[in-house]
Every structure is written in C-alpha cells, then in structure tokens.
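Chemist: Below you'll find the structure I mean.
The values are calculated or read from the model by the stated rules, or taken from the named source; none is laboratory data. What you see is a predicted model; the values in this text were computed from it and never measured. For neighbour counting, all protein chains shown are included, and Cβ atoms are generated from backbone atoms with ideal geometry for every residue, glycine included. Please note that ligands, DNA and RNA were not included when accessible areas were found on the heavy atoms of the full protein model with its side chains. Shrake-Rupley method; radii C 1.70, N 1.55, O 1.52, S 1.80 Å.
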Amino acid sequence: KFENFERKWATAIQYRNIRKDMLKKTGQSMATTQEFIKHVKEHPELQSTVLEAVQNILGNYNDFTPAERNAIKRVVPFYSWWRTITNSTLQLAKDNPARLATILWYMNNIQERDKDLKEFQRGLLELD
C-alpha cells in the first residue's frame, strides 16, 4: 500500500512540474485540474514522460528478465531492491554528479567521526 502511495505522490509531483513548465513555455495556465487532465489525455507523450520520471525516482520493481524473475530473485535476497538502488545511484551520478559527490562527502565524514564509537552507535545522526 505504501508503494502505491509513493508512486501516486511522485506522479502528482511530476504532473505539477509539467503544469509549471507549460505555464513558463506558453504563458497559458490551466485554470482547473479538469482542463489539465483533458490536455494530458490529448497529449499521451506527457503520460509516458511522467511514468518514466516516476520510475527513475522510485525504480521499477516489475521489469525483470525471465532469468531474473525465475532464478535470481528466488536465490538472492532483496535482489529487486539491490538492482533498483544500484540503477538509481548510477542515474544520480549521471544526472547530478555534484549531489552524489556531496552525499559521498557526508558519508565519508560520518565514517571518520564514528570510527571510535561502538558498532551499534555508528551511523547515527546527531540532532543539534
């Protein structure tokens, strides 16, 4: 259920972004949600753009080869998640290398800070 909520939320954000882009490009505002939905139905490429963006954000847990579906997923625990998070990280490196570098910098600093702590305390974030 939470997966569906996340997907609906990400979809709504993408549609909002499309609406903002349309306003910037055309100067034309969709006054109501119904007008916007009608516009999207008339332009199916917008639907595929939104679907692709949502899958880039949250990953696609359904698109597996027969070998992955029948063998690997049954043997390797959390294979779906590992595959998706790896693809997301590679996509982040491609789309926003500065953000990835910042994340890696913070991770390195946390590891340096935590080296003297007991194992169960490592990786905790300090709330100031």
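Chemist: Do the alpha carbons of any pairs in LYS8/LYS73; LYS41/LYS73; LYS73/LYS115 sit beyond 28 Å of each other, and which pairs? Each step should come with its number before you reach the end.
Modeler: On the way: LYS8/LYS73 26 Å; LYS41/LYS73 36 Å; LYS73/LYS115 35 Å.
Flagged as over cut-off: LYS41/LYS73; LYS73/LYS115.
Chemist: Calculate the FRET efficiency for TRP82 and ASP114 from the Cβ-Cβ distance with a Förster distance of 35 Å, rounded to the nearest 0.05.
Modeler: After rounding, the FRET efficiency stands at 0.90.
Chemist: Something else now. Based only on Cα atoms, what mean projected area does the convex hull of the chain have, in nm²?
Modeler: Seen from a random direction, the Cα hull of the chain projects 13.1 nm² on average.
Chemist: For the chain, with the dipole built from +1 on Lys and Arg beta-carbon atoms and -1 on Asp and Glu ones, taken about the Cα centre, which of ASN87, PRO44, TYR15 lies farthest toward the positive end?
Modeler: It is PRO44, whose Cα lies furthest towards the positive end.
Chemist: Continuing with the same structure: By how many nm would the segment from ILE103 to ARG122 grow when fully extended, if each residue of separation counts as 0.36 nm and the alpha-carbon distance is taken off?
Modeler: Between ILE103 and ARG122, full extension yields an extra 5.1 nm.
Chemist: What part of the accessible area of the chain, given as a whole %, is carbon or sulfur when the probe is 1.4 angstrom?
Modeler: Carbon-and-sulfur percentage of accessible area, whole number: 58.
Chemist: Hydropathy first: keep DSSP H helices in the chain averaging at least 0.0 on Kyte-Doolittle, then drop any whose Cα extent along the axis falls short of 18 Å, and list what survives.
Modeler: 44-58
Chemist: So, one more: Quote the accessible area belonging to VAL76 in square angstrom, nearest 10, computed with a 1.4 Å probe and with ligands, DNA and RNA left uncounted.
Modeler: Around 60 Å² of this residue is reachable by solvent.
Chemist: If I model a spin label as a point 7 Å beyond the Cα along the Cα-Cβ vector, how far apart are those points for SER48 and ARG74 in nm?
Modeler: Here the modelled spin labels are 3.5 nm apart.
Chemist: If you don't mind, another one. May I ask which of LYS94/LYS118; LYS20/LYS94; LYS25/LYS94 have a Cα-Cα span longer than 31 Å here? The partial results should precede the final answer.
Modeler: Working: LYS94/LYS118 36 Å; LYS20/LYS94 25 Å; LYS25/LYS94 26 Å.
Where the Cα-Cα span goes over 31 Å, the pairs concerned are LYS94/LYS118.
Chemist: Still on this structure, I have one more. Given R₀ = 22 Å, what would the calculated FRET efficiency be for ASN4 paired with LEU90, taking r from the Cβ atoms and rounding to 0.05?
Modeler: For ASN4 and LEU90, the calculated efficiency is 0.30.
Chemist: Suppose all protein chains stay in the model; what accessible area per residue would a 1.4 Å probe give for the stretch 48-101, in Å²? Present the calculation step by step, with values, prior to reporting the outcome.
Modeler: Details: 3930 Å² over 54 residues.
Solvent-accessible surface per residue comes out at 73 Å².
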